[in-house]
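A short reminder: the numbers here are calculations on the coordinates, not readings from a lab. Treat the numbers as computed from the prediction; the structure is a model and nothing was measured. FYI the Cβ positions are ideal-geometry reconstructions off the backbone, even for glycines, and counts take in every protein chain you see.
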Amino acid sequence: MADVSAPTLILFIASLVIAAGVSGVLINTVTDISSALDDRGADVSKNIRTDMEVISDSESAVYNSTSGNLTLYVKNTGTRSIPATGQSFDVIVDAQYQTDVTVTVVDGETGWQPHGVVKVVVSGLSLDSGDHRAKLIVDGDEEIFQFRT
């Protein structure tokens, strides 16, 4: 009887040690996954609350060939305020990234509040006659505006 219980006791203790090691690894892995999901959830929440619409009329003269300026009016249709600066916007016109971007709040507010409108002026353009595309990106939200010169 003593011969059977000693090996059984050793196997039981070994299985407890292995189970403790595995559970430690699993707890660490689950904690890492939970932390990553929390971070990703915050990013997704920010993207969901960020939305904009270009409200300029594509049939109007949004491009001034004399000054080389493209002027677009953009409405904040999201639920959060966004800084109204040229650094907040990524603007791509006809597959060319634009760096000379000026943003001004139209309704006199200090920032770009929900339901507010900003005027985005892209300077230094030289567009030929024809169809063109402007892509605006703010915090992951993308809008494409097609116009003709």
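If R0 is taken as 30 Å, the Cβ-Cβ distance between S58 and S81 corresponds to a FRET efficiency of 0.65. Simple rule: put +1 on each Lys or Arg Cβ and -1 on each Asp or Glu Cβ in the stretch 18-149, find the dipole, and look at T29, G116, V93; the Cα lying farthest toward the positive end is T29. With the cut-off at 1.5 for a/c, could you classify the chain from its C-alpha gyration tensor as rounded, prolate or oblate? Cα axes put the chain in the prolate bin.
Comparing mean-square fluctuations of S65, S81, S129 from a GNM of the chain with C-alpha springs under 10 Å, the top value falls on S129. Residue separation of D100 and T66 scaled by 0.36 nm, minus their Cα-Cα distance, works out to 10.6 nm of gained length.
Using the number of other C-beta atoms within 10 angstrom as an exposure proxy, rank Y73, Y97 with the fewest first.
Details: Y73 15, Y97 9.
So the ranking, lowest neighbour count to highest, is Y97, Y73.
Length available on full extension from A20 to Q113: 0.36 nm per residue minus the Cα-Cα distance, which gives 28.2 nm.
Taking label positions 7 Å along the Cα-Cβ direction at both L11 and S35, the computed distance is 3.9 nm, reported to one decimal.
Just checking the listed ones, V25, V101, V122: in the Gaussian network model of the chain with Cα springs under 10 Å, the one fluctuating most is V25. If only the Cβ of Lys and Arg carry +1 and only the Cβ of Asp and Glu carry -1, the dipole of the chain around its Cα centre is close to 160 debye.
Annotation: the residues I10, I48, sorted from fewest to most other C-beta atoms within 10 Å of their own C-beta, follow the order I10, I48.
What is the sum of charges around D94, taking Lys and Arg as +1, Asp and Glu as -1, for the other residues whose C-beta is under 14 Å from the C-beta of D94? Kindly include the intermediate steps, with their values, before the conclusion.
Values: positive: R133, K135, R148; negative: D128, D131.
In short, +1.
Taking other residues whose beta carbon is less than 13 angstrom from the beta carbon of K135, and scoring Lys, Arg as +1 and Asp, Glu as -1, yields -4.
Helix 2-49: angle to the longest alpha-carbon principal axis of the chain, degrees 0 to 90, nearest 10? Helix 2-49 sits at roughly 10 degrees to that axis.
Within the set of other residues whose C-beta is less than 11 Å from the C-beta of L125, count the net charge using Lys and Arg as +1 and Asp and Glu as -1. Residues near L125 contribute -3 overall.
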